[in-house]
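Participant: If you scroll down you'll find the structure; I have some questions about it.
The values are calculated or read from the model by the stated rules, or taken from the named source; none is laboratory data. All figures in this text were calculated on a predicted structure; none of them were measured in a lab. As a convention, Cβ positions derive from the backbone with ideal geometry for all residues, glycine included, and neighbour counts pool all protein chains shown. SASA here: full protein model, heavy atoms, side chains in, ligands and nucleic acids out. Shrake-Rupley method; radii C 1.70, N 1.55, O 1.52, S 1.80 Å.
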Amino acid sequence: MAHVNGNAPKITLYTNHRCPWAHRAHIVLKELGLKYDEVIIDLDTPREPWYLEINPRGLVPSIDFNGEIITESGIVSTFLADAYPSHVFPAAGNPKDALTRARINFFVDTWFTKAGSFWFQILRAEEQSEKEKLSKDFVDIVRKEIEPLLHNAAPFFNGSSKVTLAEALTAPFILRIYALTKHGLLPQSVVDGFDQLPNFSKWAKEVVKQESVLYIWDEESTVQGTAKKIESLKAQSKSK
């Protein structure tokens, strides 16, 4: 938990619990033990003018931190972790902590540049054969790029016994991959392939049962919302 010096910050989080990007900020706030007010933004309707004044892009999350507006999930999450150095993300005051920060940043960047888009590509694929090919490619990429980076997870990234920013920024997507597979939206071969990766599977199974990851999680609503979104995207594609 973060140690808040002086007066506690006044934080308002603009969010939607089904959004994996907004989910990242929730995890960091929970891990830091920071209190916050919450405003739910309806992502299924056009944004209200008042919210576009806060975030002209209309995206979530955004935070109002002591009167200052900060947007974009990675920036919001890293700002909070930087403001309150802890097990989540150490201050860069010495070479050892700077190295930890660099390793976390590299892990997160590797996930999103190499592996992160596969699950959504699989959901959008029309043919089962295409889904299975993408699933195999997904597992192969995780084996090549992510598995080695988790060699010393204990159980979390870089030997940490507590959730770090590496988990906070990737956990919403890991959680959804496992849930969507359980509900049949992703091929079972994805999780079966992950189960063959000792470092990744052990790490992921710890990640998806953490209180900070689960406290806003509504699996049924999220899975249903994802299925609806994918069907809408497919319909739009066919109508072009």
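Participant: Classify the chain from the C-alpha gyration tensor, please: rounded if a/c falls under 1.5, else prolate or oblate depending on whether a/b exceeds b/c. Walk me through the intermediate numbers first.
Facilitator: Numbers: a/c = 2.10, a/b = 1.16, b/c = 1.81.
Note, shape of the chain comes out oblate.
Participant: Using a 1.4 angstrom probe, figure out how much accessible area the range 182-224 has per residue, in square angstrom, rounded to the nearest whole.
Facilitator: Values: 2210 Å² over 43 residues.
Spelled out: the 1.4 Å probe surface of the range 182-224, per residue, equals 51 Å².
Participant: Where both partners of a DSSP beta bridge lie in the chain, what percent of those bridges are antiparallel, to the nearest 5? Mind showing how you got there, number by number?
Facilitator: Values: 8 of 12 bridges.
In the chain, approximately 65 percent of DSSP beta bridges are antiparallel ones.
Participant: If you roll a 1.4 Å probe over the range 1-139 with all protein chains in place, what percent of the accessible area is carbon or sulfur? It would help to have the intermediate numbers written out before the result.
Facilitator: Numbers: 3970 of 7380 Å².
With neighbouring chains kept in place, the figure for the range 1-139 is 54 percent.
Participant: Structure shown: which of 10/202; 35/205; 114/209; 114/205; 10/114; 205/238 lie over 32 Å apart, alpha-carbon to alpha-carbon?
Facilitator: Values: 10/202 37 Å; 35/205 27 Å; 114/209 25 Å; 114/205 21 Å; 10/114 37 Å; 205/238 37 Å.
Pairs exceeding 32 Å: 10/202; 10/114; 205/238.
Participant: Highest first, please rank the peptides 9-20, 190-201 by the mean number of other Cβ atoms sitting within 10 Å of their residues. Display every interim value, and only then the final one.
Facilitator: Details: 9-20: 18.8, 190-201: 16.8.
Output ranking for 9-20, 190-201: 9-20, 190-201.
Participant: Separate question: Which of the three applies to the range 62-166, rounded, prolate or oblate, going by the alpha-carbon gyration tensor with a ≥ b ≥ c and a/c under 1.5 meaning rounded? Kindly include the intermediate steps, with their values, before the conclusion.
Facilitator: Working: a/c = 3.30, a/b = 1.54, b/c = 2.15.
Verdict is oblate for the range 62-166.
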